[in-house]
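To keep things clear, I will list the structure first and then write my remarks on it.
The values are calculated or read from the model by the stated rules, or taken from the named source; none is laboratory data. Owing to the predicted nature of the structure, the values given are computational and were not obtained by experimental measurement. Cβ coordinates were reconstructed from backbone atoms using ideal geometry, including for glycine residues, and neighbour counts include every protein chain displayed.
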Amino acid sequence: MPLLLVPRANSVPEDIIPAVLTRVERLMAPSMIALLILLWMGGPASAEILGPQAAACADSAPGAAVLVHVTGFKDRTGNVRVELYPATDADFLTPGSKLRADGKVFTRIDVPTPPMDEPTVCLALPGPGDYAVAVLHDRNADGKLNAFSDGYGFPNNPRLGYSKPSAKEATFHAAAGQTQVDVVLNYWNGFAARPLRPPR
């Protein structure tokens, strides 16, 4: 039977153990510091809520508001425009000046396209109810829709053809407090506007 040689526990030179431990401590120190800072700050930072009405979407804010989360960007140029309309075919995508003159709901918010992350824009609402939303990725920031260049989308992410969607296709129901709406951008590709990637 072959003889198995098992080193004794005290056969490791004493000066090697402190050196190994020191090396491990040096490797772990940066990650431990980062972890402690993260815990002290309360965890990973959430995405910033954008727009001049962002305070309406604070947890403690009274009233109704909608958080419009926009995804599917082609690039990070220009501005993101979010518009709120009455949920009727007669008023949906009607010029804001006319809606305001008629005393109807209309809000327009423009924010710079963020270089990273998917933006969430807050809009204050008059109260719970049905509303329609349109989102524009204004790539050259000219304040107008360039159908063959810009991206655009609506709640419920309807399939777009050659005409605008109906108000019903772009309508969401807002409850009291905050309501989140997800909008996937569409860009002209071939003979139709469609998302760059199929919505998941």
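Worth a mention:
Listed here are the residues, each with its yes/no results for (1) within 25 Å of Cys57 (Cβ to Cβ); (2) assigned to a loop (DSSP other than H, G, I, E, B); (3) modelled with pLDDT of 95 or more; (4) more than 16 Å from the chain's Cα centre (by Cα).
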position: Leu93; (1), (2), (3), (4): yes, yes, yes, yes
position: Val121; (1), (2), (3), (4): yes, no, yes, no
position: Gly127; (1), (2), (3), (4): yes, yes, yes, yes
position: Ala141; (1), (2), (3), (4): yes, yes, yes, yes
position: Ser149; (1), (2), (3), (4): no, yes, yes, yes
position: Tyr152; (1), (2), (3), (4): yes, no, yes, no
position: Leu160; (1), (2), (3), (4): no, yes, no, yes
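- Members of segment 164-194 found to be over 16 Å from the mean Cα position of the chain (by Cα) and either among the charged types (D, E, K, R) or over 30 Å from Gly127 (Cα atoms) (or both), listed by number: Lys164, Lys168, Glu169, Tyr187, Trp188, Asn189, Gly190, Phe191, Ala192, Ala193, Arg194
- Across segment 159-184, the number of residues qualifying as surrounded by 13 or more Cβ atoms within 10 Å (Cβ to Cβ), farther than 12 Å from Phe92 by Cβ and without any contact (Cβ under 8 Å) to a residue 60 or more places away in the chain comes to 1.
- Scanning segment 162-200 for residues that are assigned to a loop (DSSP other than H, G, I, E, B) and either under 30 Å from Ala58 (Cα atoms) or among the polar types (S, T, N, Q) (or both) turns up Ser163, Ser166, Ala167, Ala175, Ala176, Gly177, Leu185, Pro199, Arg200.
- When every residue of segment 125-140 is checked against the conditions, at least one turns out to be over 18 Å from Ala87 (Cα atoms) and exposed (fewer than 13 other Cβ atoms within 10 Å of the Cβ).
- Filtered residue count, segment 117-149, keeping only those that are hydrophobic (A, V, I, L, M, F, W, C) and without any contact (Cβ under 8 Å) to a residue 40 or more places away in the chain: 1
- Asn79 being under 23 Å from the mean Cα position of the chain (by Cα), modelled with pLDDT of 95 or more and surrounded by 15 or more Cβ atoms within 10 Å (Cβ to Cβ): yes
- Arg100 being assigned to a strand (DSSP E or B), free of Cβ contacts under 8 Å to residues at least 40 places away in the same chain and more than 13 Å from the chain's Cα centre (by Cα): no
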